[in-house]
Amino acid sequence: MPHATLTLSSKNYSSWSFRGWLMTKLSGIKFEEILVSPDDAGARAEILLLSPSILVPCLTYGEVKVWNTLAIGEFLNEVAPKKGLLPKDQARRAHCRSISGEMHSGFVSLRSALPMNIKGRFADFKIWSKAKSDIERIEEIWRGCLEAYKGPFLFGDFSMADAMYAPVVTRFQTYDVKLDPVCEAYCDRVLAHPFVMEWIAEAKQEHEEIEELEVEF
């Protein structure tokens with residue numbers, strides 16, 4: 001198997017690093033983590049939504065380099081097709097790609113209003129109306145998938161779609177977002193997944209802080 005590395009930024013703040021790491025763990029390939037300091041200009045710009053940085057996450061697999069998160073998921077599904085990053089059924093696979101793509105390109109208000117901060121806890125956090133619309137859409141997506149495919153995750157087993165929405169789950173916990181019972185239970189299952197628990201544990205050990213994301217605004 002080719003040597004693989006995954007370049008990541010802050011585990012506490014970088015939602016895209018989290019997604020790429022989860023997908024790589026799901027693929028089952030062995031990989032080395034290369035951590036870029038949050039103080040790095042490119043990584044900081046990515047975390048603060050100021051630039052679509054290509055620094056993180058970036059998967060190197062032998063001579064292949066992949067840096068877009070969806071591209072990483074698609075590539076890993078080709079490398080390890082039996083690991084279930086994408087559903088086997090064509091219709092489910094198309095649905096999975098659609099909601100993963102919606103997460104990748106949308107929900108800008110949610111990202112701006114509720115930046116990922118796993119260590120943070122902000123009770124009674126005031127959520128902007130546009131962010132509330134994003135939250136309602138996410139709940140709609142989750143309920144639809146859980147009803148259609150019977151859980152426990154969005155397409156049955158934990159897949160690329162769950163990896164794409166896992167940082168949203170941590171945001172909802174950080175900012176004490178109230179959800180309907182179905183979505184709340186889904187969040188609990190995501191947070192209990194071994195890979196998610198591993199990432200969160202390591203995020204809590206980070207000492208670096210990004211001041212802009214520690215302010216209650």
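The values are calculated or read from the model by the stated rules, or taken from the named source; none is laboratory data. Since the structure is predicted, the reported quantities are computational estimates derived from the model, not experimental observations. Cβ sites come from the backbone with ideal geometry, for glycine too, and all protein chains shown count toward neighbours.
Can Ala131 be described as buried (at least 16 other Cβ atoms within 10 Å of the Cβ), small (Gly, Ala, Ser), out of contact with any Lys or Arg (no Cβ under 6 Å at 6 or more places or on another chain) and free of Cβ contacts under 8 Å to residues at least 40 places away in the same chain? Yes; evaluated as a whole, the condition is true for this residue. Among the candidates Asp176, Asp188, the residue that is part of a loop (DSSP other than H, G, I, E, B) and surrounded by fewer than 23 Cβ atoms within 10 Å (Cβ to Cβ) is uniquely Asp176.
Just one residue in the set Met116, Met23 is assigned by TED's automatic domain parsing to the domain that holds Ala161 and either crowded, with 17+ Cβ neighbours inside 10 Å or at pLDDT 90 or above (or both); that residue is Met116.
Exactly one residue out of Arg137, Arg111, Arg97 is at pLDDT below 95 and either in a loop (DSSP other than H, G, I, E, B) or within 18 Å of the chain's Cα centre (by Cα) (or both): that is Arg111. Out of Arg121, Arg143, one residue alone is part of a helix (DSSP H, G or I) and of a type in the set (D, E, K, R). It is Arg143.
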